[in-house]
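The values are calculated or read from the model by the stated rules, or taken from the named source; none is laboratory data. Since the model is a prediction, treat every value here as computed from it, not as a measurement. Positions of Cβ are generated from backbone atoms using ideal geometry, with glycine treated the same way; all protein chains shown enter the neighbour counts.
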Amino acid sequence: MARMRMTQAINQALHEEMARDERVILFGEDVRISIFADTRGLAEEFGSDRVLDTPLSEALLAGMTVGAAATGLRPIFHLMFGNFFYTAWDAIANQAAKFRYMTGGQVTMPLVFMAVFGGGRSQGAQHSDTMHSMLVNLGGLKVVTPATPADAKGLMKAAIRDDNPVVFLQSAGRGGDLGEVPDGDWIVPLGQADVKRQGEDVTVIAIGAMVRLAMRAADVLAKDGVGVEVIDPRTLRPLDTDTILRSVRKTGRVVVVDEGRLSCGMASEIAAIVAEHEFESLKAPVRRVAAADVPIPFSPPLEREVLPSEDRVVSAIRSTLTKR
Amino acid sequence: MARMRMTQAINQALHEEMARDERVILFGEDVRISIFADTRGLAEEFGSDRVLDTPLSEALLAGMTVGAAATGLRPIFHLMFGNFFYTAWDAIANQAAKFRYMTGGQVTMPLVFMAVFGGGRSQGAQHSDTMHSMLVNLGGLKVVTPATPADAKGLMKAAIRDDNPVVFLQSAGRGGDLGEVPDGDWIVPLGQADVKRQGEDVTVIAIGAMVRLAMRAADVLAKDGVGVEVIDPRTLRPLDTDTILRSVRKTGRVVVVDEGRLSCGMASEIAAIVAEHEFESLKAPVRRVAAADVPIPFSPPLEREVLPSEDRVVSAIRSTLTKR
Amino acid sequence: MSLNTTSAVGTETLIDWYRRMQLIRHVEDRLGAASKTGELPGPVHLSIGQEAIAVAVGACMRPGDWATSTHRGHGHYLGLGGDPNLLVAEIYGRATGACGGKGGSMHVADISRGILGANGIVGAGIGLATGAALTAKQRKAGNIAIAFFGDGGANEGIFFEAMNLSALWSLPLIFVCENNGWSEFVSTASITVGSIAERSAAFGIPHSEVDGNDVLAAHDAVSSAAARARAGNGPTLLEMMTYRTRGHVESEQTFLPGPYRPPEELAMWQKRDPIDRLHAVLRENGVEESALNAIVEEVITVTNAAFQFAIDSPLPEPEAALRDVFAGERN
Amino acid sequence: MSLNTTSAVGTETLIDWYRRMQLIRHVEDRLGAASKTGELPGPVHLSIGQEAIAVAVGACMRPGDWATSTHRGHGHYLGLGGDPNLLVAEIYGRATGACGGKGGSMHVADISRGILGANGIVGAGIGLATGAALTAKQRKAGNIAIAFFGDGGANEGIFFEAMNLSALWSLPLIFVCENNGWSEFVSTASITVGSIAERSAAFGIPHSEVDGNDVLAAHDAVSSAAARARAGNGPTLLEMMTYRTRGHVESEQTFLPGPYRPPEELAMWQKRDPIDRLHAVLRENGVEESALNAIVEEVITVTNAAFQFAIDSPLPEPEAALRDVFAGERN
Ligand SMILES: Cc1ncc(C[n+]2csc(CCOP(=O)(O)OP(=O)(O)O)c2C)c(N)n1
Ligand SMILES: Cc1ncc(C[n+]2csc(CCOP(=O)(O)OP(=O)(O)O)c2C)c(N)n1
Ligand SMILES: [Mg+2]
Ligand SMILES: [Mg+2]
């Protein structure tokens, strides 16, 4: 157990997995020097055959990832920012997400696409998108996004060991927070949500950097005697609906907080699932707190307006208490 | 008024709009000979300066569309199949959807991306996706998908005249159906749903080719004395929630039918909106009938299993009648 | 037109190539007929006229090598040794097909033979082949990867990205461009500037323009490129000049307004038919007409058996649609 | 190192270029300082050392021409005549900024001056410029479009797609590759094979490698390319050799483990500073040091005013975040 940042936890996972399995290779732009420090030191330890700086050619590199995975390597492609997925979208959407299926299961696809996503740091519209709902909608990808350093390590290790394409998305807003991280073989299985806080009155499902907002909102409501249960799905596909629905059956009141845009986003998906499967349990409408349906603006007051805030989470929770 | 297929209605709209406004140009692979016949005859009428066959270079062509729109043309890029959007995704997602906003409204973006989408014809996974939810999630695009020839003509004309990027998606399954199409300046304004059938008991919201399934299901249920109201949103962004919610207030029972995959799809979005805004009106959980969360398979029995069917729509409607 | 007969390939091998080319021709011919009668679901793109290239490449491949194909992939599948039964059953959408009916004509694959699959996205196979070449390079067993693509596909940016990266990393990769002069219904000359082969010059990648209807010339070119790649000397670009004597897609007459290719062009290329040319060489080499006829009979038997196998095979169970998304779980 | 002084550009014009280059330098220098003190939101990429190219291009542009820029776009914005007040206010995220605070450093644009915007996606500006060139061609008024991109960007497939299409359609387009030797923290030589300029050869597009720190040489090259484009003769590729004397991004020292460029390289290029070199030419042409000093004073005044304007300007109202998505409606 050691205290570290999320990027350090990811770095540790990469070190351990590359040491464990020499089929694991990693490439991307500037992965040797490592802009986010998550891949730092790997080239020194594993050599430039296994840790490769690449040209700016995302469309090719993502296709190469698919081809390498289908032929026996376990490649990790670091795309830097989630928005750059769009440059590589064909290989992600038409190849990685479909290849095993189209071949009738002839291949396994042990690959990881990783990147930082989300707003809050005035990076502008082309570096701040949250794209997990699009990735989930493709059907053939697993999608994970950790909220703590420990989850980051455990999910990255699980992602690398998984025989399927996994997109590992790191919230831009969470790289700096410290947290305890178990040493060694710490795995967080894909597809398992985590109850980050127990509560009896309202269920808040929060994703990535939104978990922090949810926890703070829970503190605020605790002062009013409202018990908020905070659930972090951690894996968005496959989604752990059991854990979510179990909590809903207990509380009957639900808020979903996601950094993605509202329309066709993950918040809507979870809201739709809850409303379909726990209709009888619900005591109030499921509230969605998500980014506005606009590109992410640059200037801080604009960006704050667009993204979910603690205040909006608090009032969404309150609104579920007034109905019925 | 004349009876024609959807592709002919689109063709008529293109002819009329190109004649009306010489800034309208159209390009894409094989648009002169025209595989779907929707762009046939345009080159002969408007010349090869305005109707251009292109190389296979979707990433460039979509970026070119954005640049041409921002500088005063009103370009239409025919991408042939919706899955090829993925090859051009950066220009769609990072440029077209964000450009006006990032410039603080300095430009208008009068462009149309058009393509055929959806399954049902054994085209295989890479020619059968339904991607409208991803496009809606981008926030900066208008997205339309007609279910009848008349709507196709009216929406295409509205799309071309709109000063914003519009994605015009034609359901693969609907090209062949005949329908009455008004002559001349027939416009279907963007953002207006259409009540395709009135009913008092259950609201079915169906998109594109799914409208036909919904209408058939309505016939089946009519025999049991159940009145089904069928709403076709026609425009998915901006979505006409008023028309949808008005119907829900009347019926209290809702089924959403979409050809897109279930998770983070348009069906989930509409279900979430209904469940959030008409919680008190609902007499049963909102049911979603959508494609399974898998790539679209080739073989007919597999493809039928994955896509929504009339039977599934009928049973979803029935299931809303048993609750409460 | 005769063949380049200088090559040292023995008659036995030539006969084997002849058999494979005839197999592609016969299987595809029947697929075309089946498509036109509506027996086959989905679109079908035939490579009739281009068989020499697939067979030449197949002859240069070793176990552990990989190739990625295009939407026009049946010839590659058979040329590389794929089982005709599994191919035809797949295109019929049967449970016994190469991909259990999930893929179809545009996605036939046999991973066990290094056939990484046909691909419905023009250019995409280049990315996958680059990945296979990276695997081969890491494994250090002298394996190679081959990317088939068309002249139309040579305008997709991924081709250039792959030339830069494969040259930079000396990947054991061969770019095999099958230039049949057409991209769907548009002549490639009308959408392309310059020579495709010469596009590699800026990357220091050796290239050659090859008579793709001459199986010996094609084989020579591929085998030098393969030797180069196996020796760790990096990629090669081969532009194979050829022609598809059939339509872009078998159903095209149902949706096109009329013919789009000059009939003289077709006639000219039919004179250069790769099978006829190999036939002439074999005859010159003293192989009897009767022996060649016997091969064709054999091929017809195999073809008939493949179609019978497909037709007799069951369609997949609907529930199978939900499998094979993820390894290790039902979905 | 001296400048190519053969050009027929008059001293008055050179003085004007000197003023613009100094303006870029001074504004960016202060932006760098403001970024480092944390005054500026978001990342800031400076083009210090590369000013000559932006100014040379700006000098060749006419009303109705268009240019697309990169993530390193302040110099292009100012070199093409953009208002420094609006630039600085935008980078400060103010309501008065060029984009009302919605864009920021990576998206500064002034459509009224043909500045189609900086772009956060490497290579994307090439697509937009191709579209602007298509507009120009359709309009038939002799306008042109310019695509700025970096050496790193030259490995994106869109560059090749654009070379093919623009050559095919004879689009009035100039590809201006600013080769500063680095792609973020990696030397471009380590991720690129061959010469960038020569990549155009296969497309029959004329190219030249230009000393991008020599404003006269750069101007010569751009003006010939522009003349060619205006005359309907199609695209040209110019590879401008240059160097960014600042970091990739101003914050880089906070996250990198250490220096990544050889100090000798920086020192060598500092000797070729484009402003120093133009300064020398102007002195040789008889312009007094005092006159040049006066220009710098003027530039400092303008720069100060721009920063004051920005700092005095209000931040945007939060509600503005929901506007400007769609024309003709609030959202
Ligand atoms: C990315 C993409 N764009 C467009 C298409 C549609 N399409 C299928 S084949 C084809 C022409 C391909 O020409 P070429 O590469 O020369 O191959 P050929 O058909 O001649 O074998 C086109 C445009 C596609 N499948 N994928
Ligand atoms: C598509 C894409 N990939 C990666 C990045 C991250 N990135 C920003 S600048 C840069 C290097 C660009 O190098 P170059 O084109 O030479 O421009 P320079 O920074 O040297 O001006 C990279 C990799 C990006 N912004 N867009
Ligand atoms: Mg071709
Ligand atoms: Mg550079």
Query raised in the report: Taking region C:136-168 as the search range and keeping residues that are of a type in the set (S, T, N, Q) and surrounded by fewer than 24 Cβ atoms within 10 Å (Cβ to Cβ), which one is nearest to the other protein chains (Cβ to nearest Cβ)?
Result: C:Gln138
Query raised in the report: Across region B:65-93, what is the total count of residues that are in a helix (DSSP H, G or I), touching a residue at least 24 places away in the same chain (Cβ under 8 Å) and either more than 16 Å from ligand 2 (Cβ to nearest atom) or within 8 Å of chain D (Cβ to nearest Cβ) (or both)?
Result: 11
Requested in this report: Output yes when any residue across region D:230-249 is over 20 Å from the mean Cα position of the chain (by Cα), over 19 Å from A:Val31 (Cα atoms) and either within 16 Å of ligand 3 (Cβ to nearest atom) or crowded, with 19+ Cβ neighbours inside 10 Å (or both), and no when none is.
Outcome: yes
Report task. Only one of these is surrounded by 24 or more Cβ atoms within 10 Å (Cβ to Cβ), more than 16 Å from ligand 3 (Cβ to nearest atom) and in a helix (DSSP H, G or I): D:Ala133, D:Ala98. Name it. Result -> D:Ala133
Report task. Collect the residues in region D:148-170 that are outside any loop (DSSP other than H, G, I, E, B) and either more than 28 Å from A:Gly63 (Cα to Cα) or away from ligand 2 (no atom under 12 Å from the Cβ) (or both), keeping them in residue-number order. Result -> D:Phe160, D:Glu161, D:Ala162, D:Met163, D:Asn164, D:Leu165, D:Ser166, D:Ala167, D:Leu168
Report task. Sort out which residues of region C:274-331 are among the aromatic types (Phe, Trp, Tyr) and outside any loop (DSSP other than H, G, I, E, B), and write them in order of number. Result -> C:Phe307, C:Phe309
Query raised in the report: Residue check, D:Ile311 against (1) modelled with pLDDT of 95 or more; (2) within 14 Å of chain B (Cβ to nearest Cβ), all met but one. Which one?
Result: (2)
Query raised in the report: Does region A:261-280 contain any residue that is of a type in the set (Gly, Ala, Ser), farther than 12 Å from A:Asp129 by Cα, at the interface with another protein chain (Cβ under 7 Å from one of its Cβ atoms) and out of contact with any helix residue (DSSP H, G or I) (no Cβ under 7 Å at 6 or more places or on another chain)?
Result: no
Requested in this report: Any chance you could count how many residues in region D:171-201 are more than 15 Å from ligand 2 (Cβ to nearest atom), assigned to a loop (DSSP other than H, G, I, E, B) and either buried (at least 24 other Cβ atoms within 10 Å of the Cβ) or more than 10 Å from chain C (Cβ to nearest Cβ) (or both)?
Outcome: 2
Query - Out of D:Leu86, D:Leu40, D:Leu78, D:Leu46, sole residue that is away from ligand 4 (no atom under 16 Å from the Cβ), away from every other protein chain (no Cβ under 12 Å) and either closer than 19 Å to D:Thr303 by Cα or assigned to a loop (DSSP other than H, G, I, E, B) (or both) - result: D:Leu78
Query raised in the report: Restricting the first residue to region A:4-26 and requiring it to be basic (Lys, Arg), which pairs with a second residue that is in a helix (DSSP H, G or I) meet a Cβ separation below 8 Å and a spacing of at least six or different chains?
Result: A:Arg5/A:Pro149
Query raised in the report: Can you list the helices (runs of 4 or more DSSP H) found entirely within region B:214-324 that contain at least 1 residues being more than 19 Å from A:Ala267 (Cβ to Cβ)?
Result: B:241-251, B:300-306, B:310-322
Query raised in the report: For A:Arg100, which of the numbered conditions (1) more than 16 Å from ligand 2 (Cβ to nearest atom); (2) surrounded by 24 or more Cβ atoms within 10 Å (Cβ to Cβ); (3) among the charged types (D, E, K, R); (4) part of a loop (DSSP other than H, G, I, E, B) fails to hold?
Result: (4)
Query - Single match in A:Asp151, A:Asp129, A:Asp163 (criterion: in a loop (DSSP other than H, G, I, E, B) and under 16 Å from the mean Cα position of the chain (by Cα)) - result: A:Asp129
Report task. Have a look at C:Ala321, C:Ala305, C:Ala327, C:Ala291 and point out the one that is surrounded by fewer than 18 Cβ atoms within 10 Å (Cβ to Cβ) and within 14 Å of chain A (Cβ to nearest Cβ). Result -> C:Ala327
Report task. Tally the residues that are within 16 Å of ligand 1 (Cβ to nearest atom) and in contact with a Gly (Cβ under 9 Å, 6 or more places away or on another chain), restricting the search to region C:228-250. Result -> 11
**Report entry** Scan of region C:248-267 for residues that are touching a residue at least 60 places away in the same chain (Cβ under 8 Å) and away from chain B (no Cβ under 11 Å), ordered by number
**Finding:** C:Glu250, C:Arg261, C:Glu265
Requested in this report: Determine, yes or no, whether D:Gly232 is away from ligand 4 (no atom under 16 Å from the Cβ), facing another protein chain (nearest Cβ under 8 Å) and modelled with pLDDT of 95 or more.
Outcome: no
Query raised in the report: B:Leu60 is checked against (1) out of contact with any Asp or Glu (no Cβ under 6 Å at 6 or more places or on another chain); (2) facing chain D (nearest Cβ under 8 Å) and fails just one. What number does that condition carry?
Result: (1)
